[in-house]
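The values are calculated or read from the model by the stated rules, or taken from the named source; none is laboratory data. Treat the numbers as computed from the prediction; the structure is a model and nothing was measured. Counting neighbours? That spans all protein chains shown, and the Cβs are built from the backbone with ideal geometry, glycine included.
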Amino acid sequence: MRLDVEHVTRYTFSQPQKRLVQLLRMTPTDYASQHVVDWHVDCDCDAKIRSNRDGFGNILTMLYIDGPVEKIDLIVSGEVLTSDHSGIIADAVEPLPPAAFLRSTDLTEADEAIRSFAADIAAAQSDSLKRMHLLMERLLNEIRFEPTLDAVERDAATAFAANSGVCQDHAQIFCSAARSIGLPARYISGHLYRRDGAELQEASHAWAEAYLDGLGWVGFDPANGISPDEAYIRVATGLDYRDAAPIAGRRLGGGDETLDVEVRVTQAQRQSQN
């Protein structure tokens, strides 16, 4: 599938800022089921742009903007060719061993409720792949998806106790539960093409991957109950939301800021015509 992405982030400040530094994890990479055909990172003002990779293999784009700045638009767009490999990740950049993703973080620390939940799943299925599919299914059914909930940095235990959350919560609970039964798991941020025709979205998507003997890294999307297929664009990975968040930044200046995000994921025009 050929997918077009446009991700627009708009900052408006109540008073001019002296300096802005923005860190973007918005550039996908190639691997067996994903090829980046074209990709651009732009902003509507003068900026110094530097790119490199972090310790997880994500492409980082740093923007340094001198003020005075009252508003800024960051526009990330491109085209990606995807294919369905049943969620299996092959030929991706992997700077860290799987065991590194057994480590918990503040956002993924398992409490007694998550450990008990994961232990029940482990007792029900001895096969690791079936365990992860059961974990995904249980989270889909028991953690109510609330896409308007503005709490992307809640920890897994809090979201699990609330029985509701956004896709970031589902992904972090999945990682927390999988790690508690000895399976490496990592958080993934990216984009999802909505087959229901909803082109305009309010945010990027998030899911998880688990490392399984004999298969390697395999993706699971508890918010939708499937393993990622050709409708998914995988962008960044980490131990939790903070490691893979699409954008983060600092500003030098007072006042308040307003943030608006629009994400549009569509099929490439020439594919739609065919």
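Quick test for you: out of ALA203, ALA236, pick the one residue that is in a loop (DSSP other than H, G, I, E, B), in contact with a strand residue (DSSP E or B) (Cβ under 9 Å, 6 or more places away or on another chain) and under 28 Å from LEU63 (Cβ atoms). So that I can check it myself, show each step before the final result.
Details: ALA236 fails: in a loop (DSSP other than H, G, I, E, B).
Among ALA203, ALA236, only ALA203 is in a loop (DSSP other than H, G, I, E, B), in contact with a strand residue (DSSP E or B) (Cβ under 9 Å, 6 or more places away or on another chain) and under 28 Å from LEU63 (Cβ atoms).
Within segment 8-38, how many residues turn out to be part of a strand (DSSP E or B) and under 23 Å from GLY87 (Cβ atoms)?
Keep residues of segment 8-38 that are part of a strand (DSSP E or B), which gives 8-27, 31, 34-38.
Keeping just the survivors that are under 23 Å from GLY87 (Cβ atoms) gives 25-27, 31, 34-37.
Residues in segment 8-38 being part of a strand (DSSP E or B) and under 23 Å from GLY87 (Cβ atoms): 8 in total.
Taking the conditions exactly as written (modelled with pLDDT of 95 or more, in the same structural domain as LEU239 (by TED's automatic domain parsing), touching a Phe, Trp or Tyr at 6+ places or on another chain (Cβ under 7 Å) and closer than 21 Å to TYR232 by Cβ), does LEU140 satisfy them or not? Before the answer, list the steps.
Details: modelled with pLDDT of 95 or more: yes; in the same structural domain as LEU239 (by TED's automatic domain parsing): yes; touching a Phe, Trp or Tyr at 6+ places or on another chain (Cβ under 7 Å): no; closer than 21 Å to TYR232 by Cβ: yes.
Judged against the criteria, LEU140 is not a match.
Of all the residues that make up segment 206-251, how many are farther than 20 Å from LEU74 by Cα and aliphatic (A, V, I, L, M)?
Final tally of qualifying residues: 10.
Go over the candidates GLY255, GLY197 one by one and state the one that is modelled with pLDDT under 95, outside the structural domain of ARG25 (by TED's automatic domain parsing) and outside any strand (DSSP E or B). Steps first, please.
Values: GLY255 fails: outside the structural domain of ARG25 (by TED's automatic domain parsing).
After applying the criteria, what remains is GLY197.
Please tell me if ARG131 is surrounded by 13 or more Cβ atoms within 10 Å (Cβ to Cβ), closer than 28 Å to VAL235 by Cβ and not assigned by TED's automatic domain parsing to the domain that holds HIS7.
Numbers: surrounded by 13 or more Cβ atoms within 10 Å (Cβ to Cβ): yes; closer than 28 Å to VAL235 by Cβ: yes; not assigned by TED's automatic domain parsing to the domain that holds HIS7: yes.
Criteria met by ARG131.
I'm trying to understand the selection: among the residues of segment 156-186, which are under 30 Å from ALA268 (Cα atoms), assigned to a strand (DSSP E or B) and without any contact (Cβ under 8 Å) to a residue 60 or more places away in the chain?
Passing the criteria: none in range.
Is there a residue in segment 173-180 that is of a type in the set (S, T, N, Q), surrounded by 16 or more Cβ atoms within 10 Å (Cβ to Cβ) and under 18 Å from the mean Cα position of the chain (by Cα)?
Taking segment 173-180 as the starting set, the residues that turn out to be of a type in the set (S, T, N, Q) are 176, 180.
Restricting the remaining residues to those that are surrounded by 16 or more Cβ atoms within 10 Å (Cβ to Cβ) gives 176, 180.
Next, only the ones that are under 18 Å from the mean Cα position of the chain (by Cα) stay: 176.
Yes: segment 173-180 contains one or more residues that are of a type in the set (S, T, N, Q), surrounded by 16 or more Cβ atoms within 10 Å (Cβ to Cβ) and under 18 Å from the mean Cα position of the chain (by Cα).
Out of curiosity, is LEU183 surrounded by fewer than 22 Cβ atoms within 10 Å (Cβ to Cβ), of a type outside the set (Val, Ile, Thr) and in the same structural domain as SER227 (by TED's automatic domain parsing)?
Details: surrounded by fewer than 22 Cβ atoms within 10 Å (Cβ to Cβ): no; of a type outside the set (Val, Ile, Thr): yes; in the same structural domain as SER227 (by TED's automatic domain parsing): yes.
So LEU183 does not fit the description; no.
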